[in-house]
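The values are calculated or read from the model by the stated rules, or taken from the named source; none is laboratory data. Just so you know, these numbers come straight off a predicted model, no measurement behind them. Here the Cβ positions follow ideal geometry from the backbone for every residue, glycine too, while neighbour counts run over all protein chains shown.
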Amino acid sequence: MLRAMGASVVAMVLMLVIGPPFIRWLRLNEFGQNIREEGPEGHKTKEGTPTMGGVLIWFAVLIPFIIFSRFSVASITVMIAALGNAVIGFADDWIKIVRRRSLGLAARYKLLLQLLLALFIGFIALHFVGLDTRVDVPFTSYRLELGGVGFYALIFLTLAGFSNAVNLTDGLDGLAAGASAIVLVALAGIAFIIGRNASDPGITDLMVVSGCVGGACLGFLWYNTFPADVFMGDTGSLGLGGAIAGMAVITRTEFVLLIIGGLFVIEAASVVAQVVSFKLFHRRVLLMAPLHHHFELKAWSETKIIVRFWIIAAIFAGAGFAAYYATF
């Protein structure tokens, strides 16, 4: 617990100290955000805001991880999930900057790279972390047997699903960073329960990972809250989703994560619903997807949407943690 708290504080302080010179460097090198044409009209003013702040996030994560972690296989596996997705996001951000457009790495290449990453993580989890192919079912004491193929499929769906869900949520200043920090607190609590009951220091080391990433998110919010001085870019959002998914995979709470990360699930589902409705019925169920853009077009202020979505994220995270604690 103390190591996790220390890691969180160090990550946050690093963000606060290194943030200003890093943001100045991004501005000097014109690493600015390109806003997509079909986005909300109000977002045009954000054109050119420094992006790739995710690079700073992961620097602030790695330093306290090196200091406080015991380098268990479990914690390293989660870091691989996070940093692997961050590298994919970096490639996406870099293409956007070089080509000066809002479209980066093609979706099929992202998914292919995430599939390879998921297979690698699954192999480590089975053969080195010591996981089996069963997964916890929320609200029951039942553990669902997936088999080998199902095990790897679930890891891919969790990894790709949540990394891209966080990426979709990262459309308003501070929304993804704040919601991710909230979800990571709940996942750290689950890691604490598992580690205490199993007397496994490798699992409790996951609390340090959550502390590092959560602390970096809080520090990043100092510069990312409305109006943002810097955006995290896909380097940040895909990596944060990878960290959340990795935590769920190692703690075998992939289904529970659907509750804990309910805000991200809703945001992703809103995009799916919008696309399906338009393809089948030529009608939109929302003014614009993801869901936060719908409320922007309903004339809600950006700050109101962000705070209310944070509250929703906290409700889901608390409910998911309570469901896990009551059941397991």
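In this structure, is G104 among the small types (G, A, S), assigned to a loop (DSSP other than H, G, I, E, B) and surrounded by 12 or more Cβ atoms within 10 Å (Cβ to Cβ)? For G104, the condition - among the small types (G, A, S), assigned to a loop (DSSP other than H, G, I, E, B) and surrounded by 12 or more Cβ atoms within 10 Å (Cβ to Cβ) - is met. Inside the stretch 124-141, can you point out the residues that are touching a strand residue (DSSP E or B) at 6+ places or on another chain (Cβ under 8 Å) and of a type outside the set (V, I, T)? Selection gives R134, D136. Could you tell me whether the stretch 267-284 includes any residue that is under 17 Å from the mean Cα position of the chain (by Cα), buried (at least 24 other Cβ atoms within 10 Å of the Cβ) and either of a type outside the set (F, W, Y) or at pLDDT below 95 (or both)? Yes, because at least one residue in the stretch 267-284 is under 17 Å from the mean Cα position of the chain (by Cα), buried (at least 24 other Cβ atoms within 10 Å of the Cβ) and either of a type outside the set (F, W, Y) or at pLDDT below 95 (or both).
The requirement of being of a type in the set (G, A, S), in contact with a Lys or Arg (Cβ under 9 Å, 6 or more places away or on another chain) and either assigned to a loop (DSSP other than H, G, I, E, B) or surrounded by fewer than 20 Cβ atoms within 10 Å (Cβ to Cβ) (or both) is fulfilled somewhere in the stretch 215-228, by at least one residue.
Can you say whether L257 is in a helix (DSSP H, G or I), touching a helix residue (DSSP H, G or I) at 6+ places or on another chain (Cβ under 6 Å), aliphatic (A, V, I, L, M) and closer than 20 Å to P50 by Cβ, as far as the supplied structure shows?
Values: in a helix (DSSP H, G or I): yes; touching a helix residue (DSSP H, G or I) at 6+ places or on another chain (Cβ under 6 Å): yes; aliphatic (A, V, I, L, M): yes; closer than 20 Å to P50 by Cβ: no.
Here the answer is no, as L257 does not meet what is asked.
Summed over the stretch 183-214, the residues that are among the β-branched types (V, I, T) and buried (at least 24 other Cβ atoms within 10 Å of the Cβ) give a count of 6.
Restricting attention to the stretch 107-141, the residues that are surrounded by 14 or more Cβ atoms within 10 Å (Cβ to Cβ) and polar (S, T, N, Q) add up to 2.
Among the residues in the stretch 293-302, are any under 25 Å from V185 (Cα atoms) and part of a helix (DSSP H, G or I)? Give the steps one after another, and end with the answer.
Step one: of the stretch 293-302, the residues under 25 Å from V185 (Cα atoms) are 302.
Applying the additional criterion that residues be part of a helix (DSSP H, G or I) yields 302.
Checking the stretch 293-302: at least one residue is under 25 Å from V185 (Cα atoms) and part of a helix (DSSP H, G or I).
Restricting attention to the stretch 295-325, which residues are of a type outside the set (K, R), without any contact (Cβ under 8 Å) to a residue 60 or more places away in the chain and farther than 18 Å from G261 by Cβ? Of everything in the stretch 295-325, those that are of a type outside the set (K, R), without any contact (Cβ under 8 Å) to a residue 60 or more places away in the chain and farther than 18 Å from G261 by Cβ turn out to be F295, A299, W300, S301, V307.
Apart from one condition, R252 fits all of (1) under 20 Å from G171 (Cβ atoms); (2) not in a helix (DSSP H, G or I); the exception is (1).
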